[in-house]
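Where a number appears in this text, it was derived from the coordinates with a stated rule and is not lab data. Quick caveat: nothing in here was measured; it's all calculated off a predicted structure. Using ideal geometry, Cβ is built from the backbone for each residue, glycine included, and neighbour counts are taken over all protein chains shown.
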Amino acid sequence: MVTIVFAYRNREVSRIKISLDSLQNQNNQNFKVVFVDYGSESKLADQILKLVQSYSFSSYYYLPTHLLLWNKSKALNYGITKAETPYVFIADVDIVFHANTITLFQNIANLDKAYLFKLGYLDKKVSENLKKSYVFEDLKPKHFGTVNGMILIAKEALVKINGFDTFFHFYGSEDVDLYERINNAGYEIVNNESHYFYHNHHVIYNSYNDKEMSVVPRLYN
């Protein structure tokens, strides 16, 4: 069995529903979800709580960190400690899962290996189809990329390397650092070529106009 760990803060409810619905539709239901809300605004957190708890496979955890900078590493580390299964998959709230994803995980999971996967990026127009009934195979990504942060690995391996480095804030780098430390610890890194994960479109984090004031702190580079 595998636990899928999500780290979240202040994203729209519909986006989370799309991802969790794709898990609800798995052909193999032998999995759990740990959903960590790292300090969302209270009104939104209430909505997400109700949504996540409506799925029998999901557990919701709220961390009262709304006055702290976004730290995905801390959120994921907390989620990993709550996982009670031998294997963990580090996910993203933007992921849409193929119906055979859990079966794939069960077929390849190995205590001595860590698996990276291809992620297909959907454009804005195609992503609009996710809000209604869709066929996964009919969704056409604009391109695929290998993502270090989307990884299937034994929980004991993450514990051995002390999880994510909480030095990292905002988005990026924490996944590359984890990958390097997993590799240095002697685990074999395997790139799986299955096209089972699509990315729901959103504005690129670093593309916001820095000339405009924002209430959301961010750091370029």
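Values for this structure:
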item: Gyration tensor (Cα) of segment 115-203, equivalent ellipsoid semi-axes in angstrom; result: 29, 15, 10
item: Helix-derived mean residue ellipticity, 222 nm - over the chain, DSSP H n ≥ 4, -39500 (n - 2.57), to 500; result: -8000 deg cm²/dmol
item: Inter-probe distance in nm under a simple model that places probes 7 Å from Cα toward Cβ, at I108 and I189; result: 1.5 nm
item: Segments 124-135, 53-64 sorted - mean Cβ within 10 Å per residue, highest first; result: 53-64, 124-135
item: Most fluctuating residue given options V93, V34, V176, as computed from a GNM of the chain linking Cα atoms under 10 Å; result: V176
item: Q47-K140 FRET efficiency (beta carbon distance; Förster radius 35 Å; 0.05 resolution); result: 0.65
item: Added length on full extension, which subtracts the Cα-Cα distance from 0.36 nm per residue, V216 to N28; result: 63.8 nm
item: Inter-probe distance in nm under a simple model that places probes 7 Å from Cα toward Cβ, at T81 and D123; result: 4.5 nm
item: Cα shape, segment 42-142, gyration tensor, a/c 1.5 rule; result: oblate
item: Long pairs among K124/K155; K74/K211; K124/K211; K82/K132; K43/K160, criterion Cα-Cα beyond 27 Å; result: K124/K155; K74/K211; K82/K132; K43/K160
item: Antiparallel DSSP beta bridges within the chain, percent to nearest 5; result: 35 percent
